[in-house]
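Derivation of every value follows stated rules applied to the coordinates shown; laboratory data play no part. Quick caveat: nothing in here was measured; it's all calculated off a predicted structure. Cβ atoms come from the backbone with ideal geometry, glycine included; neighbour counts cover every protein chain shown.
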Amino acid sequence: MLVVVIVVAALLAGGAVVASIQLGSSRSADVSKTSMTATYCAEAGLAAAIPVIAANHALWAVNLCTTRPFSTCAQPALLNAAAFEHDLDGDGVADVEVVIADNDDEAPNNITVDVDQKLFVVARCLKFPDADREITELVDFSGATPIRQLYLRTK
């Protein structure tokens, strides 16, 4: 009888360990999926905002983020217009927030003035608060179409 109880207890303990490992693996996969989706959300916001930013060059000076880090800035008024869609999935809730900031293009640096038509465009995904994703990209607006630069930073 004692042997049977020991065997059953061992089997139950083994089953609990296997279940725990499986739950941890499922949680890890869910976190990974959410992180990737949040990154895609930020990238989509960036892509949607760039044409609006390019079309509103005259408004850049009053809309530049003047503090660092960029996450402390509020979204500029030029991106609150109907031309920029914040709701990427159609559920009526804003999914992305975008700010613009000047690059270090003058000497001495003045983050309130742009002289070379290159801006940091920073997109933050709001849809997944547990997976905070922010993409910063340097965009050159000096030509006919915006050129997305190699500088890319994700958070």
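Short version: ³J(HN,Hα) in whole Hz for each residue of region 110-122, in order, from phi by Karplus 6.51 cos²θ - 1.76 cosθ + 1.60 (θ = phi - 60°), x for Gly and Pro, what are they?
My calculation for region 110-122 gives 10, 6, 9, 10, 10, 10, 10, 6, 10, 10, 7, 10, 10 Hz in order.
Fully extended, how many nm does the chain gain between Ser71 and Ala13 (0.36 nm per residue separation, minus their Cα-Cα distance)? Mind dumping the intermediate values first?
Working: separation 58, 0.36 × 58 = 20.88 nm, distance 4.68 nm.
Gain on extension, Ser71 to Ala13, equals 16.2 nm.
Against the 2.2 N^0.38 Å scaling, with N counting residues, where does the chain land? I'd like the Cα-based Rg ratio to two decimal places.
Details: Rg = 23.5 Å, N = 155, 2.2 N^0.38 = 15.0 Å.
Working it through for the chain, the quotient is 1.57.
Ser32 versus Asp91, label points 7 Å from Cα toward the beta carbon: distance in nm?
In this crude spin-label approximation the distance works out to 2.3 nm.
Assign unit charges at the C-beta atoms only (+1 for Lys and Arg, -1 for Asp and Glu), then state the dipole size of the chain relative to its Cα centre in Debye, rounded to the nearest 20.
In total the dipole reaches around 620 debye.
Based on the mean of other beta carbon atoms within 10 Å per residue, what is the order of 85-94, 119-128, 30-39, 45-54, most packed first? Can you show the working numbers first?
Working: 85-94: 11.9, 119-128: 22.2, 30-39: 14.6, 45-54: 19.7.
The densest-packed peptide leads the list: 119-128, 45-54, 30-39, 85-94.
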